[in-house]
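The structure appears right after this line, and notes come after that.
The values are calculated or read from the model by the stated rules, or taken from the named source; none is laboratory data. Just so we're clear, the structure is a prediction, and the values are computed from it rather than from any experiment. FYI the Cβ positions are ideal-geometry reconstructions off the backbone, even for glycines, and counts take in every protein chain you see.
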Amino acid sequence: MELRLVENKDWIILIFVGVFILLAIVKTKFPRRFQEFMLLPITNKYFSVEGKSSEVTHPFSLLLFIVQAVSLSLFICIVLTLGIGNFKNTPILFLQVFTGFTLIILAKYYVEKLVAHVFDIEKLVQDYLYEKLSYINLLSLIVFIANIIFFFIYFPDGTTINFVIAGFVFLYVIALISSIKKNTTLILRNFLYFILYLCALEFAPYVILYKLVV
């Protein structure tokens, strides 16, 4: 564990306050939906009741996506300051990471929609994308709590960061498997196209990113 001296935490505090405000708005405006959303690790009732419309563009999902982008961007900033290059945790670095992360996710989303249209599996991919977004939004809340600990209690070492990343990936894979099992019948009808979709847009980008980092 390494103690960290931060000259100015004001910008980080403002970001955390902003996230808390967003979460308060979400919980106030969509109380039942938020309650079912928080129970996702226990039950899939959220997808069959409040989230059954599979609307990625629903205000509830969009607000939580902002929370996701902020949480994961802050975590990436921590990773970058651990020695990957000569990075310092500044507002500029956060804005660069946040902008890049958001653009990449949005670009990936629209490419996925385009491919789904070409393969004529729009309904399947729409459900899959919505469920995947919901699970990642939930996982990002855990990352948000970790960020608070890392920024204000102690600065993590490489082992801690690797543990958090491994935990996030493990839970993410479990969520994907759960989503695929839920849509087994629909997937089997379009099995070949769905496998091509997964290989091209779900796994390949992460493999390429891993190769670039290594």
Sort out which residues of the range 119-171 are over 18 Å from the mean Cα position of the chain (by Cα), under 22 Å from Tyr109 (Cα atoms) and in contact (Cβ under 8 Å) with a residue 24 or more places away in the chain, and write them in order of number.
Phe119, Asp120, Ile121, Lys123, Leu124
For Glu112, are the conditions met, namely being more than 26 Å from Phe34 (Cα to Cα), surrounded by 14 or more Cβ atoms within 10 Å (Cβ to Cβ) and within 21 Å of the chain's Cα centre (by Cα)?
yes
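State yes or no: is Ala175 modelled with pLDDT of 75 or more, closer than 20 Å to Ser71 by Cα, surrounded by 13 or more Cβ atoms within 10 Å (Cβ to Cβ) and not aromatic (Phe, Trp, Tyr)?
The answer is yes for Ala175.
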Name the single residue that is modelled with the highest pLDDT among those in the range 7-41 being assigned to a loop (DSSP other than H, G, I, E, B) and in contact with a helix residue (DSSP H, G or I) (Cβ under 8 Å, 6 or more places away or on another chain).
Phe30
The range 146-174: number of residues that are in a helix (DSSP H, G or I) and under 21 Å from Leu14 (Cα atoms)
7
Select from the range 63-93 the residues that are assigned to a helix (DSSP H, G or I) and at pLDDT below 90 and write down the one among them that is surrounded by the most Cβ atoms within 10 Å (Cβ to Cβ).
Cys77
Pick out the one residue from Ile180, Ile195, Ile208, Ile161 that is at pLDDT 80 or above, surrounded by 10 or more Cβ atoms within 10 Å (Cβ to Cβ) and out of contact with any Ser or Thr (no Cβ under 7 Å at 6 or more places or on another chain).
Ile161
Of Leu129, Leu133, the only residue that is of a type in the set (A, V, I, L, M, F, W, C), within 26 Å of His58 (Cα to Cα) and at pLDDT 85 or above is Leu133
Any residue at all in the range 42-59 that is at pLDDT below 90, buried (at least 18 other Cβ atoms within 10 Å of the Cβ) and under 17 Å from the mean Cα position of the chain (by Cα)?
no
